[in-house]
Structure formats: structure tokens, C-alpha cells
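Chemist: Here it is, the structure, as C-alpha cells.
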Amino acid sequence: MNKGFFKSFFKDKKLRLSHPRFLIYQELSNTNVPLSPQELYQSLLKKQKKIGLTSIYRSLDLFESLGMVFKIINGSSVKYKLCESEDHHHHIICKACGDVVELNFCDISNWSKKVTESTGYQVIDHQLNFYGLCKACKSLQSPQSGVR
Ligand SMILES: [Zn+2]
Ligand SMILES: [Zn+2]
Ligand SMILES: [Zn+2]
């Protein structure tokens, strides 16, 4: 999600793009690794930008509700990653290292139909995460791939 899109997204939703919100977006867009609110706080502080943790939490909550960031919960740790794709998508998370990859396809229309058939609900939205082992972690964990 680039800067232009981020700005127009806020404008379209008639939300105020405050300075802290923009700085948090910038920090997230500078890195490919998921960041915790504390890490964001520290790295902003290093750049002489003092933004309160509460304000960071609130902004991240907002970004998440808008589908701009993906929230990764692993035990007691919570991290956020800026979404590259601006459209509806899903994620796969590595159980070992926490790496996240976006899946730019979604093919659950049959599933939605089944949900409607069995519950009578009209499906409006859905969330679905995949979990697994990334290539690097998989090769570390499988003894067969070692030299022998
Ligand atoms: Zn995403
Ligand atoms: Zn991994
Ligand atoms: Zn989907």
C-alpha cells in the first residue's frame, strides 16, 4: 500500500489523517517485518518522534479495522504488518519464525454458498488465516534435507 493510496483511503473514508497516524504508517511501510506497538514506539522515538503508546495502539486498531494492516497474534505477542495488497486477500503465517505472506487469491464462493444454505445467513465478509512453516523453517525442521 503506497503513500498516495494510503492518503486517498483516509480521504475517501472521511477520516482525519493525523500526523501520528501518518508517521506510524511510514514506519510500517519502511520495513517488511511485522512490528509490535512497542517496537514502533521505540523506532519513532529514535527519530525524535514521540508518540504515546496509547495513540499507537489506537491507530493500529483503526488501520486493522480498515484492512490496511494485518494483526499477527502469537501467544502473548501482537505484531502488525502493513498490507501490500489493497484488495481483499488472505495471509499465511509461519508458525516458527512469524513470517507473513499475502495470498492474492480468494476462492471460497462455494463455501459461502454452503454457509448460506446451512444457516440462511447472507454472507457479507469473511476472515481466514493459514498457518504453516515457511520454506526456510521447513528445511531446518526436516532431518531428511540435511547432508548425509
Ligand atoms: Zn495483507
Ligand atoms: Zn519461517
Ligand atoms: Zn477471502
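The values are calculated or read from the model by the stated rules, or taken from the named source; none is laboratory data. Every value quoted in this text rests on a predicted model; they were computed, and no experiment measured them. In this analysis, Cβ positions are derived from the backbone assuming ideal geometry, glycine residues included, and neighbour counts consider all displayed protein chains.
Chemist: Inside the stretch 1-53, counting only helices (runs of 4 or more DSSP H) that do not spill past its ends, which hold 2 or more residues that are within 18 Å of Lys79 (Cα to Cα)? Quick ask: steps written out before the conclusion?
Modeler: Details: elements: 3-12, 19-29, 37-46.
Output list reads 19-29, 37-46.
Chemist: Let me ask something else about it. Collect the residues in the stretch 10-36 that are surrounded by fewer than 17 Cβ atoms within 10 Å (Cβ to Cβ) and under 18 Å from the mean Cα position of the chain (by Cα), keeping them in residue-number order.
Modeler: Matches in the stretch 10-36: Phe22, Gln26, Ser29, Asn30, Thr31, Asn32, Val33, Ser36.
Chemist: When the residues of the stretch 84-105 are narrowed to those that are buried (at least 17 other Cβ atoms within 10 Å of the Cβ) and not acidic (Asp, Glu), which ends up nearest to ligand 2 (Cβ to nearest atom)?
Modeler: Quick first cut of the stretch 84-105, residues buried (at least 17 other Cβ atoms within 10 Å of the Cβ) only: 90-91, 93-94, 99-100.
After this cut, where a residue has to be not acidic (Asp, Glu) as well, the list is 90-91, 93-94, 100.
Details: His90: 18, His91: 13, Ile93: 9, Cys94: 3, Val100: 10 Å.
Restricting to residues being buried (at least 17 other Cβ atoms within 10 Å of the Cβ) and not acidic (Asp, Glu), the top hit is Cys94.
Chemist: Filter the stretch 48-83 for residues that are under 12 Å from Tyr25 (Cα atoms) and either in contact (Cβ under 8 Å) with a residue 60 or more places away in the chain or exposed (fewer than 12 other Cβ atoms within 10 Å of the Cβ) (or both) and give the result.
Modeler: Met68, Leu82, Cys83
Chemist: Continuing with this model, one more query. Surrounded by 11 or more Cβ atoms within 10 Å (Cβ to Cβ), of a type in the set (Val, Ile, Thr) and either modelled with pLDDT under 90 or touching a Gly at 6+ places or on another chain (Cβ under 7 Å) (or both): is that true of Ile108 in this structure?
Modeler: Details: surrounded by 11 or more Cβ atoms within 10 Å (Cβ to Cβ): yes; of a type in the set (Val, Ile, Thr): yes; either modelled with pLDDT under 90 or touching a Gly at 6+ places or on another chain (Cβ under 7 Å) (or both): yes.
Answer is yes for this residue.
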